[in-house]
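Structure first, commentary second.
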Amino acid sequence: MSSNTALVLGATGGIGGEVARQLVNAGWKVRALRRGGTQASEQKGGIAWITGDAMVRADVLAAAQGCSVIVHAVNPPGYRNWGSLVLPMLDNTIAAAQAQGATIVLPGTVYNFGPSAFPTLREDSPQEPRTRKGAIRVQMEQRLEAASRQGCQVIVVRAGDFFGPKPGNSWFSQGLVKPGQPVKAIALPGAPGVGHQWSYLPDVARTMVELVQRRDTLEPFAAFHMRGHWDADGTQMAESIRRVVSNRGGARPTLTPLPWWLFTLAAPFVVTLRELREMRYLWSTPVTMDNAKLLATLGHEPHTPLDEAVEAALVGMGCLPEQTVAASRVVHSAQ
């Protein structure tokens, strides 16, 4: 199908919302499925919001009518009920894509990999995860690869931990800083000296849109890794936050180790903290991604300079006063 209409599942989240916005900016007609809407359909921000549930196959099939692309960016809120929700939602997306001849786009994760693939992840690295969520993510990609052998094209874009103006569930917004509050302290989740991979949401979304626009040249199951922002010693992201806050006239934030002991105590009672704690191993060993395939395909990787990306993220999260990032950069350059 050659229409320029896309369905985004998970458009109320960080990556889904950013992909939806960038598809609109690229001239696509975009639909988004959301639960709990007050009316069957509503046009907002160039996106047609449709009331429905990704767990209900009939809703997904109806929303996907006439679409050539389906972005599967939906996740259980707060990491809850992964085992019972994630795979059925993906099966509904696959059924809709097969019915429409549509391309599925999946934001991938590093959860799929374990120590056997570390420290550098490539698209063909062995997927031998060590967590429950990782095992489910592997099953997701296995089902997508099987669907690609039956005429359903798939694009997977894998990136590091997300940060951005509207990050949804992320380490940046749930661990390092607190949304809606001035940044006075920055929590460091990683072990001293251990590097970490970050990815700016608008860069990830732009990569997906560029790949979608040349999907006719890709293989049936096309996976790509992004380099993003590599924090070589685990402090460069925090130092960028400190620079941005200071340049905006704020007091230089302090750095404190993340209280993992608190996660352990609260894990039996707070699902989100329990799920985040399961990912601690990714903060104790350096894991990087090789983007050679992406560079060979696009000729570049969309990349926003770190301080510019961090400033936009903090403004969007309500941690800095509202002002244009561009105007702020002009002031910094003059200084």
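Values computed for the structure shown
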| item | result |
| --- | --- |
| Percent accessible area from carbon and sulfur atoms, the range 9-157, protein chains only, probe 1.4 Å | 47 percent |
| Carbon + sulfur, % of accessible area of the range 196-273 - ligands and nucleic acids excluded, 1.4 Å | 59 percent |
| Protection-proxy order for peptides 105-113, 190-198, each taking the mean of Cβ atoms within 10 Å per residue, highest first | 105-113, 190-198 |
| Residue-normalised accessible area of the chain, expressed per residue, 1.4 Å probe, Å² | 43 Å² |
| Radius 10 Å from Cβ of GLY134, net charge of other residues (Lys, Arg +1; Asp, Glu -1) | +2 |
| Sum of -39500 (n - 2.57) over DSSP H runs of 4+, divided by residues of the chain (222 nm, nearest 500) | -11000 deg cm²/dmol |
| Amide H contacts under 5 Å for HIS229, placed H, 5+ residues apart | TRP198, SER199, TYR200 |
| For the range 95-108, Karplus couplings with θ = phi - 60° (6.51, -1.76, 1.60), whole Hz, Gly/Pro x | 4, 5, 5, 5, 5, 9, x, 9, 8, 9, 10, 10, x, x |
| Net charge contributed by nearby residues that have their C-beta within less than 13 Å of THR254 (K/R +1, D/E -1) | +2 |
| Rounded to whole Hz, the Karplus (6.51, -1.76, 1.60) HN-Hα couplings of the range 199-208, x for glycine and proline | 9, 7, 3, x, 5, 5, 4, 4, 4, 4 |
| Amide proton proximity set for LEU188, modelled H, under 5 Å, gap of 5+ | THR256, LEU258 |
| Residues with amide H under 5 Å from that of VAL156, placed H, sequence gap 5 or more | LEU106, ALA222, ALA223, PHE224 |
| From phi via Karplus (6.51, -1.76, 1.60), per-residue ³J(HN,Hα) for the range 121-134 in Hz, x at Gly/Pro | 8, 10, 4, 9, 5, x, 9, 10, x, 10, 10, 5, 5, x |
| For peptides 115-123, 282-290, 15-23, sequence by mean Cβ density within 10 Å, most packed first | 15-23, 282-290, 115-123 |
| Area of LYS133 that stays accessible when all protein chains are in place (1.4 Å probe, Å², to 10) | 0 Å² |
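The values are calculated or read from the model by the stated rules, or taken from the named source; none is laboratory data. Not measured: the values here are computed from a predicted model. Note that each Cβ is placed from the backbone with ideal geometry, even for glycine, and that neighbours are counted across all protein chains shown. Each accessible area value is taken on the protein alone, full model and side chains, heavy atoms only, with ligands, DNA and RNA left out. Shrake-Rupley method; radii C 1.70, N 1.55, O 1.52, S 1.80 Å.
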